[in-house]
1. Residues in the range 491-514 that are in a helix (DSSP H, G or I) and open to solvent by 60 Å² or more (accessible area, probe 1.4 Å): how many?
2. When the range 185-201 is examined, which residues are found to be over 15 Å from Asp86 (Cα atoms) and either in contact with a Gly (Cβ under 8 Å, 6 or more places away or on another chain) or open to solvent by 60 Å² or more (accessible area, probe 1.4 Å) (or both)?
3. If I filter the range 515-529 down to residues being under 23 Å from Val459 (Cβ atoms) and at pLDDT below 75, which single residue comes out as surrounded by the most Cβ atoms within 10 Å (Cβ to Cβ)?
4. With Tyr421, Tyr488 as the choices, which residue is in contact with a strand residue (DSSP E or B) (Cβ under 8 Å, 6 or more places away or on another chain), within 25 Å of Thr144 (Cα to Cα) and assigned to a helix (DSSP H, G or I)?
5. Would you tally the residues in the range 166-181 being more than 24 Å from Glu379 (Cα to Cα) and either among the aliphatic types (A, V, I, L, M) or touching an Asp or Glu at 6+ places or on another chain (Cβ under 8 Å) (or both)?
6. Answer with yes or no whether Phe159 is more than 19 Å from the chain's Cα centre (by Cα), farther than 24 Å from Met293 by Cα and of a type outside the set (Asp, Glu).
7. Any residue at all in the range 360-374 that's small (Gly, Ala, Ser), assigned to a strand (DSSP E or B) and crowded, with 19+ Cβ neighbours inside 10 Å?
Amino acid sequence: MKYGFDKYINKGLTKALFLFVAVMLFSALTSFSADAQALSADYEGASDAFADALREGKSSVSVVEFNIPKDEAGFLLQFSQSHNTDVFWYPLSISYNFSDEDNIIAEIEWENVFEDFSQIEAMQKDFEKYAKEAVNVCFDRNMTDFEKILSAHEYLTEFTTYTLTDDYSFTAYSVFVRGEGVCQGYSYAFKYLMDAVGIECHYVSSNTLDHGWNIVKLDGEYYHVDVTGNDAVAKYNGVEIKHGRQKHTKLLCSDAALNCGVDDVKIWSDIALPECKSTLYDNAFYKNITGSMEFIDGFWYYIEPNEYINGSRRVLKTDGEKTEVFLEMKKPVYAISSHGKEIYCAVKDVVYKVDLDGKYKEFCSTVGEIFGCAIREDELYYGVYRKKSYAVCSVYIPKNLDCIEGVNLDVTSETLALNIYVKDFIELKDGFIKYTFDGEKFSVSMKKIDESRVISVPVNLTQLDLEIEITVVYGEEEKKYTTSALKYLTAVSKTEADSKTLNVVKALLEYSGINEPSEVTVSGYETKISDSSDEISFISAELAFDGKVDVKLKFSVLGKVEFKSNGKIKVEKDGLYYTVTVLDISAFDLEAKFKVIAKDVSVKFNVLGLISNCDEETKKEILAFYNYGKALSEYSK
């Protein structure tokens, strides 16, 4: 594999421009004070301002507020380039104005690399389209950071070919839009994906190796990820096979495991390079896999490792701990790719479509041997070896309707809601999300879903076990999902979620009858009746429970009665008998206190105190209801 590296500049620089930037960078390396940098210079702020100006088509920007030393102009150019990887039209060099008093850069200027900014704007739209697709394909919100890192690595090694075409080959644009690039382009694209999901990631390089790669932070530790180094090329009968041959040896490596053998690995200038000391993944399950790994519903699918290019006949699946055979074929499996929850397997000269139950049927075939396959938008691309030549073919596949990222129950407020998380698949912009819940039918246009990509469905406590049927509709194609709040709660109760969330989930499960309700100690319940009991001759209570509590109190008096309550009340006079109904007490009000007074006779009680009069089933329900209210109230704080 030939590595490409830009020597800190784009290849199109003239010799004079090269000398300008090289001198500026040398000055940065020799005279820049780390103490001064830590004290005042804000390179991230300056680089963001620089990048924003480029995004607007400008040719200058003020950076005086960021305290950048004048000797650091060359460094600022490169720092911004590696931190704002969506900008792919950085200038070849910059000039600047500075104050003689403090040698701080006041303004930087540049000559744009384009003649008409509308050309860049058109390229930006392509970049946003394909970069957004990459984010959607790579990630879902249920993934761990470990899974996100692996998924981004798989996407880039599966879709990208190592090629040096022009200056754009050094950018993330070339990787996402054209599917080709050199090491800097691979690394910038990987950093873009990590930035999209909030994982700390750095671009690092070595002049000696003429190469660049990444360092990522995972669970508090730093690791090397060399996407370019893992995008392998194999030879078969003298022909280069560029697809379906991903390696994983340089994925999440310690310093010792990477063993690059040079001491000039750095970020930019003299910024400290994080140490990659952890060896946790140096012998991970994926290290000897050659070919893509497809992540679906918590499992990785991959071709069984074999030393021969076409020797494996089995596809395995693993959750990282337990591994089992997913598919076994009579002929060698050369490559796999996934589209939603379907796996496409290239077996000799046929591509099979396989569902997650392992059932398969022929999708397409060709003359020759299929060594690699990848899916982009609605096309399956596959590399075919035929008569000592290698070519890439493609065939249309139905659009991926697996755009429901997941469903969960929102318990962050008094109002419960099922949240349906929708991926922003661009190709489904004319589609609909239809759902049926508790007998009601709803339809939401994909165009009308806001930026949060969430459809919120209100749920009351009596609807927890009801199924919600969700259907994604695009033209004549449909994809259905079925779930319920109860399924979500049961799944969450088995995880290591934070204690507040688990308390609410536990209380909801108690309410739903899955778990036994916790015991409640009732306080503040007191009954006092004097000798002149005819003044309050009797008192009784009836509790009706249907998601909320109705309390009906009955008592008789011979004289004037005063009724006090901090709940809702309704008083009806019927001769000498009074009926007081306390309506719709929520889980937050079960400790509501009541007092009935007739002269010197009083009865004090709260709602919880009345449950002793109920049958056991109702008592359990009310206790669970109460536990839920307490847990949710605590969570909301």
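The values are calculated or read from the model by the stated rules, or taken from the named source; none is laboratory data. Note that the structure is predicted; figures quoted are calculated from it, not measured. Here the Cβ positions follow ideal geometry from the backbone for every residue, glycine too, while neighbour counts run over all protein chains shown. Side chains included, ligands, DNA and RNA excluded: accessible areas come from the protein's heavy atoms. Shrake-Rupley method; radii C 1.70, N 1.55, O 1.52, S 1.80 Å.
1. 4
2. Listed by number, the residues that qualify are Gly198, Glu200.
3. Across the range 515-529, the extreme among qualifying residues is Pro517.
4. Tyr488
5. 1
6. When the stated conditions are applied, Phe159 does not pass them.
7. Scanning the range 360-374, I find at least one residue that is small (Gly, Ala, Ser), assigned to a strand (DSSP E or B) and crowded, with 19+ Cβ neighbours inside 10 Å, so the answer is yes.
Rundown of residues vs (1) open to solvent by less than 30 Å² (accessible area, probe 1.4 Å); (2) touching a Lys or Arg at 6+ places or on another chain (Cβ under 7 Å); (3) under 26 Å from Phe363 (Cβ atoms), yes/no style:
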{"site": "Ala391", "(1), (2), (3)": "no, no, yes"}
{"site": "Ile397", "(1), (2), (3)": "yes, no, yes"}
{"site": "Asp402", "(1), (2), (3)": "yes, yes, yes"}
{"site": "Leu418", "(1), (2), (3)": "yes, no, no"}
{"site": "Phe432", "(1), (2), (3)": "no, no, no"}
{"site": "Met446", "(1), (2), (3)": "yes, yes, no"}
{"site": "Ser452", "(1), (2), (3)": "no, no, no"}
